[in-house]
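Trainee: The structure is given below, and queries will be raised subsequently.
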Amino acid sequence: MHILVVDDEPDVQSLFEQRFRREIRSGELRFIFTFSGEEALTRLEDQHSEIVLILSDINMPGMSGLELLESIRQSHPMAPPLVMMITAYGDEETHAKALSLGANDFLTKPLDFSELKQKLKDTL
C-alpha cells in the first residue's frame, strides 16, 4: 500500500521510516514523501493509481495542506479517497474546515505513531 506524506519538515521522512521500519521492510507499506502541496499534486498525477492514502501537514509555505485538500477533492477526482490532515494546531476551526473540505481524519502533532498505525489498520 502506497501512502503519500506531505510535510515541509525534512526530518519527517526519517521519523516515518524509523517508526514504520517493520511495515516498510515487509512491503506492507510504502511511503512517498513530498515537501510541498505543489509537489504532492505532481506526484498524484504521476502515481494516482498507486497511492491509497494521503497524510498531509496543514501549515506549509506556498500551498497549505487545506489548499492541497481542496484541490484534490475538486480537481483530482482520481486521487485517493482517504486524506488525513496533520497539524500542530488542534483548534476546532481548523478541524472543522479540514472536514468540510473532505478530510477523512485529523491528527495533531506530535504524532502518536501507535494511534496512526491503528488508524491505518482500521481504515485500509
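The values are calculated or read from the model by the stated rules, or taken from the named source; none is laboratory data. Keep in mind the model is a prediction, meaning the values are calculated, not measured. Glycine gets a Cβ as well: all are built from the backbone with ideal geometry, and neighbour counts include every protein chain shown.
Trainee: Looking for something touching a Pro at 6+ places or on another chain (Cβ under 9 Å), surrounded by 12 or more Cβ atoms within 10 Å (Cβ to Cβ) and touching a residue at least 24 places away in the same chain (Cβ under 8 Å) - is there at least one such residue anywhere in region 5-24? Please lay out each step first, then the result.
Mentor: If we filter region 5-24 for residues that are touching a Pro at 6+ places or on another chain (Cβ under 9 Å), which is where we start, we get 8.
Going one step further and asking which of them are surrounded by 12 or more Cβ atoms within 10 Å (Cβ to Cβ), we end up with 8.
Cutting the leftovers down to touching a residue at least 24 places away in the same chain (Cβ under 8 Å) gives us 8.
Checked region 5-24: at least one residue is touching a Pro at 6+ places or on another chain (Cβ under 9 Å), surrounded by 12 or more Cβ atoms within 10 Å (Cβ to Cβ) and touching a residue at least 24 places away in the same chain (Cβ under 8 Å).
Trainee: Name every residue in region 100-123 that is under 14 Å from the mean Cα position of the chain (by Cα) and within 22 Å of R73 (Cα to Cα), in order of residue number.
Mentor: Here is the first cut: in region 100-123, the residues under 14 Å from the mean Cα position of the chain (by Cα) are 102-109, 111, 113, 116-117, 119-120, 123.
Selection gives G102, A103, N104, D105, F106, L107, T108, K119, L120, T123.
Trainee: Just to be sure, is P61 in a loop (DSSP other than H, G, I, E, B) and closer than 24 Å to L124 by Cβ?
Mentor: no
Trainee: Restricting the search to region 80-97, which residues are touching an Asp or Glu at 6+ places or on another chain (Cβ under 9 Å) and either in a helix (DSSP H, G or I) or without any contact (Cβ under 8 Å) to a residue 40 or more places away in the chain (or both)?
Mentor: To start, the set of residues in region 80-97 that are touching an Asp or Glu at 6+ places or on another chain (Cβ under 9 Å) comprises 82-88.
Matches in region 80-97: V83, M84, M85, T87, A88.
Residues are listed down the side, and each one gets a yes or a no for (1) closer than 22 Å to D122 by Cα; (2) modelled with pLDDT of 95 or more; (3) touching a Leu at 6+ places or on another chain (Cβ under 6 Å); (4) part of a helix (DSSP H, G or I):
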| site | (1), (2), (3), (4) |
| --- | --- |
| V5 | yes, yes, yes, no |
| E9 | no, no, no, no |
| F16 | yes, yes, no, yes |
| E38 | no, yes, no, yes |
| L44 | no, no, no, yes |
| S49 | yes, no, no, no |
| V52 | yes, no, no, no |
| L55 | yes, yes, no, no |
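Trainee: Restricting the first residue to region 57-79 and requiring it to be more than 15 Å from D7 (Cβ to Cβ), which pairs with a second residue that is among the β-branched types (V, I, T) meet a Cβ separation below 6 Å and a spacing of at least six or different chains?
Mentor: Once the first residue is more than 15 Å from D7 (Cβ to Cβ) and sits in region 57-79, its partners that are among the β-branched types (V, I, T) give A79/I72.
Trainee: If I filter region 67-76 for residues that are over 11 Å from the mean Cα position of the chain (by Cα), modelled with pLDDT of 95 or more, over 25 Å from E93 (Cβ atoms) and surrounded by 15 or more Cβ atoms within 10 Å (Cβ to Cβ), do I get at least one hit?
Mentor: no
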